[in-house]
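K.L.:
To start, I am sharing the structure in question, which I have written as C-alpha cells.
Taken together, the values in this text are just the output of simple stated rules run on the coordinates, not laboratory data. Quick caveat, the model's predicted, so the values are computed rather than measured. Note that each Cβ is placed from the backbone with ideal geometry, even for glycine, and that neighbours are counted across all protein chains shown.
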C-alpha cells in the first residue's frame, strides 16, 4: 500500500469525525439552541472543560532523566520525550514496541533493540538505574510502568557508558498516598486472555507507610505457526516516610515469560522486499521455546538534609535467566533448481544465558541561589554466563523445511548431533563520578554543564577454548547546553554532548595483530525550540541534531575470525513533536522524524546502515464525548523504506489502529483494533537468509476494568 492511500483513508476518517460532530458543535454555539445550556450542572461543565485536554492527557512538564533532578523539560537543553500513563492506556500498550509511533526517531531494529537517531540502541534504565531484567532477547513489558522517558542522543555525561542514539527510562509504579484498587480483564482474537489486579494506598491513618501489590497474567496465540506466548508479573512495593526528612521506598518485581515456537526470526525476502512465502510461515517447531525468569529488588532513600541540600541513595539488584531452544535459518535452498528458493537449511540452537547485576548510586543535590548542583557516584557490577550448543543441517540430523508446504515434527531433537559453540563467563565492574551545574544566569537564560568520568574493568573467560581476556579503560563524557526563554511561548535551546562505549574484553581478543581497540566515541550537536501556541492549546517541539560516532567494530571480510574497527558514522536529522487540542474535545499527538545516515572513512564492504528509515510519522488522535463519558481514537504509524544488513529493501509501511473507551460509574470498557486493515508488512530486516521481521497482523482487544 502506498503512502497516499493510507493518508487518504486517515484524512477521510478524520473528516468523517469532524463532519459527524460539526452540527452538534454548531448547535452548542448557536443563539437559537442555547436553552439547555444553563440546565447543565456545574460539575458536568467542569468535566467537559477538563476531559480530553491533550496537554493534561499526553504531556508531562517535568522529567528526572535529563539531569537527575526533577527539572522542567523546557529547561533541559536536550531533546526529551515523555509517554504518559494516559497515552500508554489509550493505545493498549502491553510492551514498549506498541509505542514506537509516539517516539520520534525510534523504530524497530532487532528483537528488543531499536534504532534511535540512526543507531542501534538497547540501553535501558529503570527509575534512572541500570539493571534491565529483560536483557537478552525479551521485549520489556509495561504492567509495572507508570510512564516512559526518552532522552535523545549521547547521555554519557549523566549516565556513563552507553549508546549514541539515546536512552529509554522506565518510571515504575510506586506505593501511593491515596487508595487505588483496580481489576482488569482482557480478551482478544488469537486466544488472547489477560487479567490483572492492582492495589495501592496507605497502611496507616497518617499515610506515612504505604504499599503496592500488582499481579498480571496473559496468554495469547499468533498468526505465525506454532507460536504461543505467556506472561506473568508480580509487583510489590513499600513506602515509608521515616520522618519529615527521610523517605524509603522498596520494590520487588518478578517477571516470567514463555514463548513457544520462538525465537521468532524473520521471513526471507527478495531484493525488492517481497516475502518469499506466506507470513504465517515459521522456521520454528512447536516444541521450540524461549523462557525468561527475572527478579528485581530496588531501593531508594531520599533525605532532605536541610532547606537547600538533599541526597538520594539508590540500589538495584536483578537476576535474569533466559533459555532458548529453537531452529534458526541457516541457508536458502533451491531444491528443484528452478531458480527460486523453496527450502531452508536449518540449525538447532540450545542457548542458556544468566545475568546477575547490582547497581548503586548516591548523589547530593544542592540548591544554592541561582545554581542547582549535583555531585555523585555510581557503581555497576554485572556477571554473565553464556552456554551455547548447536547442530547444523542434515549432517547433524536437522531436516530442511519447505518454504511453501512446511512439515513440522519430522525430527527427534534428542537425535541431533550437538556441538559446543560457546561456554563463556564475563564479569563487569564500572565506577563513575559525575558533577553537574544547572545555572539560572538570568530569568530567561539557563545553562547546564555536566561532566563525568568512568572506570571500566571487564574480565572474560572462554571455557571452550581455555582462554581468558581482561580489559580496563577510562572514559570521559561532557555536556554543555543552554535554554533561553524568548517569552512564555518560545524557548529555544542548544547543546553539545559526548558519550563513549568501551569495547568488550571478548572483542578486544579479536584483533588480528593483538592490538587493543579504542572505545567507541560519539558526539552530538543539537539545536531545538520548545513552543506553546494558541493559548497553550498546542505544544510544538522542534529538534535538529548532528551525531558522529567512530571506532565501531565489524567482522573482517577477509577473515571472519577477526574484527576490525571501521570508520565514522554520521547521523543527522530533524524531529517534530506536537501535542495539541484541536478542539476542547479533540486532541492529537503527532511525531515526525527525518534521519540521514552516512558511513565514511572506510571501504565499501562496511558501508551498510541497517534499519534506518529516512522518514517516520506517528499520529494518535482522540475525540471525547463527555455526555456519555466515552472517547474514540485513531492512530497511524508510517515508516519509510529501509535496508537490511544484506542491503535488501525493507518496504515502507503504514498501519492504522482504532480505540474506543467508555466509563460507567467505576467501570471502564475499552476496545482496541491494532493493524486495522490487516496489512502484511515487515517492520525491519536482518539478512538475506534470516529475512525480515514480520509486523503483527490485525489484533482485537477488549478490556474491562473496575475500580474498587
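K.L.:
Expressed in nm to one decimal, what extension gain is obtained for the pair residue 61 and residue 667 from 0.36 nm per residue of sequence separation less their Cα-Cα distance?
P.N.:
This chain segment gains 215.2 nm when fully extended.
K.L.:
Using a Förster distance of 56 Å, how high is the FRET efficiency between residue 480 and residue 399, based on the Cβ-Cβ distance and rounded to 0.05?
P.N.:
0.40
K.L.:
Between residue 632 and residue 455, what FRET efficiency follows from the Cβ-Cβ distance if R0 is 56 Å, with the result rounded to 0.05?
P.N.:
Computed FRET efficiency for residue 632 and residue 455 comes out at 0.55.
K.L.:
Using only the Cα atoms of the stretch 338-388, what are the Rg and Dmax in Å?
P.N.:
25.2, 78
K.L.:
How much length is gained on full extension from residue 704 to residue 248, taking 0.36 nm per residue of separation minus their Cα-Cα distance?
P.N.:
160.8 nm
K.L.:
What Kirkwood hydrodynamic radius, in Å, does the stretch 659-708 give when the mean of 1/r is taken over all pairs of distinct Cα atoms and then inverted?
P.N.:
Answer for the stretch 659-708: a Kirkwood hydrodynamic radius of 13.4 Å.
K.L.:
I want to check the label-to-label distance for residue 308 and residue 518. Put each point 7 Å from Cα in the C-beta direction and report it in nm to one decimal.
P.N.:
Result: 4.3 nm between the two label points.
K.L.:
Would you calculate the convex hull of the Cα atoms in the stretch 40-707 and tell me its volume per residue in Å³?
P.N.:
161
K.L.:
Please compute the modelled spin-label separation between residue 203 and residue 337, points set 7 Å along Cα→Cβ, answer in nm with one decimal.
P.N.:
Result for the modelled spin labels: 7.7 nm.
K.L.:
Would you mind ranking 404, 517, 119, 525 so that the residue whose beta carbon has the fewest other beta carbons within 10 Å leads the list?
P.N.:
404, 525, 517, 119
K.L.:
Right, something else. Over the stretch 535-692, consider all pairs of different Cα atoms and compute the Kirkwood hydrodynamic radius from their mean reciprocal separation; express it in Å, one decimal.
P.N.:
When all Cα pairs of the stretch 535-692 are included, the Kirkwood radius is 19.0 Å.
K.L.:
Rg (Å, one decimal) plus Dmax (Å, integer) for the alpha carbons of the stretch 55-98?
P.N.:
11.8, 32
K.L.:
Please give the FRET efficiency for residue 568 paired with residue 72, using the beta carbon to beta carbon distance and R0 = 41 Å, rounded to the nearest 0.05.
P.N.:
In this case the efficiency is close to 0.70.
K.L.:
Which three lengths, in whole Å and largest first, does the stretch 351-445 cover when its Cα atoms are put on their principal axes?
P.N.:
74, 34, 16
K.L.:
Next up: Need the full-extension length gain, residue 423 to residue 146, defined as separation in residues times 0.36 nm minus the C-alpha distance. One decimal, nm.
P.N.:
95.9 nm
K.L.:
Can you pull the Rg over Rh of the stretch 131-203, Cα-only, Kirkwood?
P.N.:
Using only Cα positions, Rg/Rh for the stretch 131-203 is 1.08.
K.L.:
Also: Could you work out the Kirkwood radius for the stretch 44-159, taking every pair of different alpha carbons, averaging 1/r and inverting it, reported in Å?
P.N.:
15.5 Å is the Kirkwood radius here.
K.L.:
Report, largest value first, the span of the C-alpha coordinates of the stretch 376-525 along each principal axis, in whole Å.
P.N.:
That gives 74, 43, 28 Å along the principal axes, largest extent first.
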